[in-house]
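The next block holds one structure in the form of structure tokens; read it before the comments.
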Amino acid sequence: APIQLPHPSAASCTPCVTMAQGSGQEDREKTTALKDLLSRIDLDELMKKDEPPFSFPKTLEEFEYAFNEDGQLRHTETGEPFVFNAREDLHRWNQKRYEALGEIITLYVYELLEKTCNMTKAILPDGYGVVVLNPNENYQEVEKPSRSPPPTPPGDPPDEPAEKRERKDDKESKKKREFYEKYRNPQKEMETDRIPVRENASSEEHVVHVWDHFVSKAEAKNVFIMAHSYGGLSFVELMNQRETDVKNRVRAVAFADSAHNIWHQDTSKGTQDWMQQHCCNWVSSSEPLDAPLDSMLPDCPRVSAGTERHELTPWMSFNSIFRFFNEVLELKEDDKAEGPFSAVTTRSGSLKPNHQNL
């Protein structure tokens, strides 16, 4: 704050100005010294100082969690759902704990598929009567090795301009802020390298790979496909690459809120005609289950999945889809059948009209 002196004269003002200039220079030097000190502080080590070790249980029982009869994850003592913030203000530790539990649950789901669904887990290549694809797992994430920053010199070169030094200090401060932000947002905490899975580096590649190494070599004469969301796009890409083979083997395809687009994916006229005869898309809608809907593209009939939630469309339309598959098998034995949509029974017991009228 400015200091007002009574009746100042030129002579008396001069020492005050000099002192103010000296004080400002001293403040700048203190600020620079403080910045230099902060630049030498390892925030990573500082944040880890009071952080517990990343040592977590190896089983659900040790985590004190279990799945109840409804398939819900609950704490074995309190009965409460999973709590992410097990320890306040330890975001990084909570994230690591969450990931460790997630790995255990993944193995538990595999176990359910094997024991309850009588499926067999195997590494490619092996084939089965039922094949469940996992087109989302296209890479392995490997944590990048930590790189220690170069040591900060004890002082700036004497000939370094003050403006350059201030710009460098601002840059260092920005780095520190970004570094601290990682701990506020655990998703930014770890830098990883993504190593793609050979011949399965994308969802589309995965579907083609499974077709070439499993489905095309299977003895099954009637192949049915159910594809949800991006899986529908991947199937259309399969048709673009293996059109003749797919047409010879696949009897019907049930889409569930599929993300495919026959125009953007440059499908052939033959593929579009085949899809109109052999595919149906159960989409999210407020209409009742199996209610016919207008088709925005000339690819295949669209009916309601009986839900407006995208993630629930496969489950809500599950019975309708397998009824659709069964009808196709029955119609296949009838030489007079016009196509799989000539007489598909809906939930109410009535027959859908021919697909051209949907």
Check your understanding: Filter the stretch 38-62 for residues that are open to solvent by 100 Å² or more (accessible area, probe 1.4 Å) and in a helix (DSSP H, G or I); which is modelled with the lowest pLDDT?
Key -> 45
Point to revise | Test result for residue 89, over 25 Å from residue 191 (Cα atoms), open to solvent by 50 Å² or more (accessible area, probe 1.4 Å) and modelled with pLDDT under 90 | key: no
Check your understanding: Do you know which of the residues in the stretch 98-119 that are in contact (Cβ under 8 Å) with a residue 12 or more places away in the chain and within 14 Å of residue 59 (Cβ to Cβ) is farthest from the chain's Cα centre (by Cα)?
Key -> 108
Check your understanding: Has the stretch 304-316 got at least one residue that is part of a loop (DSSP other than H, G, I, E, B) and exposed (fewer than 15 other Cβ atoms within 10 Å of the Cβ)?
Key -> yes
Practice item. Among residues belonging to the stretch 67-86 that are in a strand (DSSP E or B) and without any contact (Cβ under 8 Å) to a residue 24 or more places away in the chain, point out the one that is surrounded by the most Cβ atoms within 10 Å (Cβ to Cβ). Key: 74
**Study point:** For residue 216: the one exception among (1) surrounded by 15 or more Cβ atoms within 10 Å (Cβ to Cβ); (2) part of a loop (DSSP other than H, G, I, E, B)
**Key:** (2)
**Study point:** Subset of the stretch 253-303 [part of a loop (DSSP other than H, G, I, E, B) and of a type in the set (Asp, Glu)]
**Key:** 257, 266, 287, 290, 294, 299
**Study point:** Residue list for the stretch 222-238, filter: among the aromatic types (Phe, Trp, Tyr) and either open to solvent by less than 20 Å² (accessible area, probe 1.4 Å) or assigned to a loop (DSSP other than H, G, I, E, B) (or both)
**Key:** 235
Practice item. Examine the stretch 338-355 for a residue that is open to solvent by less than 30 Å² (accessible area, probe 1.4 Å), at pLDDT 95 or above and among the polar types (S, T, N, Q), and state whether such a residue exists. Key: no
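The values are calculated or read from the model by the stated rules, or taken from the named source; none is laboratory data. Remember, it's a predicted structure, so these values are computed and weren't measured experimentally. Note: ideal-geometry Cβ built from the backbone for every residue, glycine included; neighbour counts use all protein chains shown. SASA here: full protein model, heavy atoms, side chains in, ligands and nucleic acids out. Shrake-Rupley method; radii C 1.70, N 1.55, O 1.52, S 1.80 Å.
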